[in-house]
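The values are calculated or read from the model by the stated rules, or taken from the named source; none is laboratory data. Source: prediction; values computed, not measured. Cβ placement follows ideal geometry from the backbone for every residue including glycine, while neighbour counts extend to all protein chains displayed.
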Amino acid sequence: MKILFATSEAFPLIKTGGLGDVSGSLPRALKALRQDVRLILPAYPAARERVARLRVMAELELPPFPGPVRILRGRLPSTRLPLYLVDAPLFFERAGDPYRAPDGRDWQDNALRFGLFAQAVVRAALNQAGLDWQPDVVHCNDWQTGLVPALLAAHDERPGTLFTIHNLAYQGLFPPQTLAELGLDSGLWHIDGLEFHGQLSFIKGGLVFADHLTTVSPSYAEEIQTPRHGYGLEGLLAYRRDRLTGILNGIDYEEWNPQTDPYIHTPYSSDTLEQKLSNKHALQEAFGLPVRARTPLFAFIGRLVEQKGVDLLLDAVLPLLAQEDLQLVILGTGEAALERRVRDLIATFPDRVAGHIGYSEGHAHLVEAGADLFVMPSRFEPCGLNQMYSLRYGTPPVVRRTGGLADTVVDSTPATLKDGTATGFSFELDDPLALREALQRALKLYARPAAWRRLMQQGMIRDFSWQRSARAYRDLYKSLIRQPH
Ligand code: ADP
Ligand code: GLC
């Protein structure tokens, strides 16, 4: 099958979160299943710099955007995966991340930027972009590609469309006049189209018009059909439930492998867990904490936003830090108020809490390898990758039982410890007390080295590779191929 995978970020070209990881690894897993998958994303400077030997394939006019727009072709670094970059310097040749200026604010013209990108994807999907290749299926991801299924729906000779919801909280909402600015058909301005409470919704383009929808975990597919997690879109999603499937993300087993990870201090496996201690010492040293083997070391990595519940963690650990011997490392960047709270905690407990307010791929690997426990108290989590990295690195996770966290972590109870299925700790309520209780349960087990070692190993042997999920996508694509008219 021929699959065009459209995304706004892909590791190792550019990444702000899990979408980048998934877009860099799922297409490769599909290629390993012998599918003709090709990636398409905007030609950000970071992406252009990292791809060797880019060739100009075509030049397109995409009215109403000032042209021309070039399609560049190369390969995803260190892979054979074909890659198309949509080169529109006026919109993409900028510093900052894919969505925000260096000052952290969204680019004012994001609707135009991703509107243009969608138009280019549509041309490629219809084999009108000079690529001499027509996909059977276009796989779109999150609101940045939401207009693609909406625009394709108007064509008879079009590929099948799949839209994956990685995070329903980000919807791409813009003022109503954006519809005309993007040159879109006024017929799309409808409650059963792109209109959402008086605004233009990019994500609705995917949710309404795609042939099929997926979420990145089975639990999240259910949760978004409820008011709490549906943000007003729960009715639409429930209406489309026959066309909505949850497929759990996998993780990249090459990139995240404690036996070969170049970012960590000492490689290890479930048979050589004593080597993990060297990584703990390296982590303590790197973050300026006292080097202590038996002091339990908690870690948090993630965007510092409400979703991730880092405030729950800060509230929950405060009394523990005063009473118990423990250390905490935080790696993240995000909202100013949360960054400030993290800095304050570090200042209050300089010997116990350390952190890096920033983004660092290398540190993320060392933290996963060196910590004893990984804390992920998310308020909602469509899938979550860090808990799976933690399991693979023998760093039992403590998670809130929601979305993909509920689907990947098995709570330690007398029964699951006994039958060998326990892999971490989970709690139900969005409340620091509930998290504290889970952390205390974890500390109790940590004090029993043999039991703790078993828990580490049980997580490490679980399979979170892409193999199974890539097959599920392949089967789904097959069902979406449209018969010629
Ligand atoms: P989300 O996509 O909601 O941010 P995920 O758990 O799916 O959450 O993926 C987050 C990814 O981003 C992981 O690969 C994680 O290691 C990485 N990450 C998040 N924050 C940082 C950071 N400050 N430094 C390095 N990596 C980070
Ligand atoms: C989103 C979600 C996260 C998920 C990632 C990749 O960013 O917040 O839970 O793991 O997408 O699908």
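Structural remarks
- Reported count of residues in the range 36-67, each being within 24 Å of the chain's Cα centre (by Cα) and either surrounded by fewer than 19 Cβ atoms within 10 Å (Cβ to Cβ) or without any contact (Cβ under 8 Å) to a residue 12 or more places away in the chain (or both), is 7.
- H166 being within 30 Å of M1 (Cα to Cα), within 26 Å of the chain's Cα centre (by Cα), surrounded by 12 or more Cβ atoms within 10 Å (Cβ to Cβ) and within 16 Å of ligand 2 (Cβ to nearest atom): yes
- Considering only residues in the range 8-36 that are acidic (D, E) and touching a Leu at 6+ places or on another chain (Cβ under 7 Å), the one that is farthest from ligand 1 (Cβ to nearest atom) turns out to be E9.
- Any hit, the range 219-239, residues being surrounded by 14 or more Cβ atoms within 10 Å (Cβ to Cβ), within 16 Å of ligand 1 (Cβ to nearest atom), part of a loop (DSSP other than H, G, I, E, B) and not aromatic (F, W, Y): yes
- Filtered by the rule that a residue be closer than 19 Å to T421 by Cβ and within 8 Å of ligand 1 (Cβ to nearest atom), the range 365-403 gives a lone residue, Q387.
- If you go through the range 282-305 and pick out every residue that is exposed (fewer than 13 other Cβ atoms within 10 Å of the Cβ) and not basic (K, R), you end up with 4.
- Qualifying residue in the range 427-438 (condition: within 16 Å of ligand 1 (Cβ to nearest atom), under 21 Å from A316 (Cα atoms) and buried (at least 18 other Cβ atoms within 10 Å of the Cβ)): no
- Scan of the range 315-337 for residues that are of a type in the set (A, V, I, L, M), crowded, with 21+ Cβ neighbours inside 10 Å and without any contact (Cβ under 8 Å) to a residue 40 or more places away in the chain, ordered by number: L328, I330, L331
- Any hit, the range 373-392, residues being farther than 17 Å from K308 by Cα, away from ligand 2 (no atom under 16 Å from the Cβ) and not assigned by TED's automatic domain parsing to the domain that holds S219: no
- Tally of residues being among the polar types (S, T, N, Q), within 14 Å of ligand 2 (Cβ to nearest atom) and more than 20 Å from F202 (Cβ to Cβ) across the range 1-52: 1
- Among the candidates G183, G172, G160, the residue that is within 25 Å of the chain's Cα centre (by Cα) and at positive phi is uniquely G172.
- Residues in the range 401-411 that are more than 14 Å from A442 (Cβ to Cβ) and within 14 Å of ligand 2 (Cβ to nearest atom): 7 in all.
- Taken over the range 21-35, residues that are in contact (Cβ under 8 Å) with a residue 12 or more places away in the chain and either small (G, A, S) or not in a helix (DSSP H, G or I) (or both) amount to 7.
- Selection of the range 130-150 for residues being buried (at least 24 other Cβ atoms within 10 Å of the Cβ) and away from ligand 2 (no atom under 16 Å from the Cβ) yields P135, V137, V138, L147, V148, P149, A150.
- Residue check for R70: in the same structural domain as V138 (by TED's automatic domain parsing), charged (D, E, K, R), surrounded by 13 or more Cβ atoms within 10 Å (Cβ to Cβ) and farther than 22 Å from W143 by Cβ: yes
- When the range 187-216 is limited to residues that are outside any helix (DSSP H, G or I) and among the charged types (D, E, K, R), the one that is surrounded by the fewest Cβ atoms within 10 Å (Cβ to Cβ) turns out to be D192.
- Failed condition for A180, given (1) part of a helix (DSSP H, G or I); (2) touching a His at 6+ places or on another chain (Cβ under 6 Å): (2)
- If only residues of the range 240-273 that are free of Cβ contacts under 8 Å to residues at least 60 places away in the same chain and among the β-branched types (V, I, T) are counted, the one that is nearest to ligand 1 (Cβ to nearest atom) is T260.
- In this entry, P396 is excluded by the filter for residues that are in contact with a strand residue (DSSP E or B) (Cβ under 7 Å, 6 or more places away or on another chain), within 16 Å of ligand 2 (Cβ to nearest atom) and not acidic (D, E).
Yes/no matrix, rows are residues, columns are (1) of a type in the set (S, T, Y); (2) in a strand (DSSP E or B); (3) under 24 Å from the mean Cα position of the chain (by Cα):
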residue: A422; (1), (2), (3): no, no, no
residue: L445; (1), (2), (3): no, no, no
residue: A451; (1), (2), (3): no, no, no
residue: R462; (1), (2), (3): no, no, yes
residue: Y477; (1), (2), (3): yes, no, yes
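- Selection from the range 57-98 of residues that are modelled with pLDDT of 95 or more, part of a loop (DSSP other than H, G, I, E, B), touching a Leu at 6+ places or on another chain (Cβ under 7 Å) and not small (G, A, S): L62, F65, L76, L81
- Search result, residues across the range 260-276 that are over 29 Å from the mean Cα position of the chain (by Cα) and either surrounded by 16 or more Cβ atoms within 10 Å (Cβ to Cβ) or under 27 Å from G334 (Cα atoms) (or both): Q275
- Selection of first residues in the range 213-230 that are within 21 Å of V138 (Cβ to Cβ) and of a type outside the set (D, E, K, R) and of second residues that are within 15 Å of ligand 1 (Cβ to nearest atom) and part of a helix (DSSP H, G or I), restricted to Cβ pairs under 7 Å at least 6 apart or on distinct chains, gives the following pairs, ordered by first then second residue: V216/G404.
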